[in-house]
Structure formats: C-alpha cells, structure tokens
Amino acid sequence: MAGTSSGVVAGLTAAAVGTVGFLAYRAQATVPAGLGGRPAASASPSATATKAPRDRLHPTALPGSSGTGERVVYSVDDDRVWLVDERNRVERTFRVNPGSVDPPVGGYWVSSRSNAVTGTDGLPIEHVVRFTSVDGVVIGFSAAVGGGDPQTVADPSVKTGGIRESRVDGEAMWKFATIGVRVVVIR
C-alpha cells in the first residue's frame, strides 16, 4: 500500500507543479496593458526625448521633469538611478552600468522580478527587476552575485539589457521596486 500512496503523492505533486507553471505562463501572457512593460500611453518619446533638466551645482540631484510620486528614475545618459518615495523625496541614488541595449525614454512599470538567475552574459545575477523589452531583449536592473564591478563595460557584440548595480544598491532596488512600481526612463 505504501507504493500506491507514494505514487499518488508523486502524481499530485507533478500535477501541482504543472498547474503552477501553466498559471505563470498565462499570467505573463495576460498582463494588463498598463503593466506590460511597454511605454505608458501618455509617454510620448518625441515629447520626452530631450534631456531632463539638471541642477548644475548638485549633479546627483533628482532631475526635473522625471514625474511625481513613488518611482524609479533611470537616466540613460548619466547611467544613474534614483529611488523616489511617494512624497517625491529621493531615498537613494546610485550609478549603474547599462547593457548594450537601452530602453526608450518613457514610463514603464516593474513587470517581473527574480531573486537569482543567470544573466545573458552567463554570470549569476540576483535581485532582478524587469520593466520592458526592446526587440526581444529584456531590460531590467540586477546585481552580479560575485559582487563584480558594476561599472564594467558590457560586450557590445552581445545584446544585453541588464542594467547592473552593486550588490548593496541591488538589494535596495529589490526592496523598493516591487511589481507595479513605476519606472521612468529619461535622457
């Protein structure tokens, strides 16, 4: 009788794993338009393609025209991120090292996260926060598990969308940027 019980348990476990996998696939395929990682309908690349105003005396200050409320602001020109709370106060700012593919200027939402995976460059990464894709290349923030230098330049012959941060900054991003948090990409 023990063999039959373990067979039933194995069958139920396999069915449960299959169901969870199917539901995860369906969830990814049916993400609402507002959370799909594409630029928001109100974000017009032509209207926001100019460089956001900067404070010349405080180069790490949050750029003007970067939105309001809780958000992650990412400057593709300055390779810098700001984590901004609901009262428009900067909780943290830090430098990042982008992959070879930049996201277009606009508004996005965090659409998926992974605690630990292998990056497109083959390195183990953690605290992955994804928000869009460009021509099939997924764009998101991550930290190399080995702690490697986040300022290392990506191999331009490999299309990567990983925006690398230090492990400490990656942990801060992980805690801040949960599913649905807005990501504003500026010049």
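Quick one: Cα centre-to-centre distance for segment 161-186 and segment 54-73, in angstrom?
16 Å
³J(HN,Hα) across segment 100-115 via Karplus (A = 6.51, B = -1.76, C = 1.60, θ = phi - 60°), whole Hz, x for Gly/Pro?
8, 10, 9, x, x, 4, x, x, 9, 9, 4, 10, 7, 9, 9, 5
Apply the Karplus parameterisation 6.51 cos²θ - 1.76 cosθ + 1.60, with θ equal to phi minus 60°, to every residue of segment 172-187 and state each ³J(HN,Hα) to the nearest whole Hz, in sequence, with x for glycine and proline.
5, 4, 4, 6, 7, 8, 7, 3, x, 5, 6, 10, 10, 9, 10, 7
Determine the per residue accessible area of segment 59-187 with all protein chains present and a 1.4 angstrom probe, expressed in square angstrom. Intermediate values should be presented prior to the final figure.
Numbers: 5770 Å² over 129 residues.
I get 45 Å² per residue for segment 59-187.
The values are calculated or read from the model by the stated rules, or taken from the named source; none is laboratory data. This structure is a prediction, so every number in the text was calculated from the model and none was measured. Quick note on the areas: whole protein, heavy atoms, side chains included, nothing else; ligands and nucleic acids left out. Shrake-Rupley method; radii C 1.70, N 1.55, O 1.52, S 1.80 Å.
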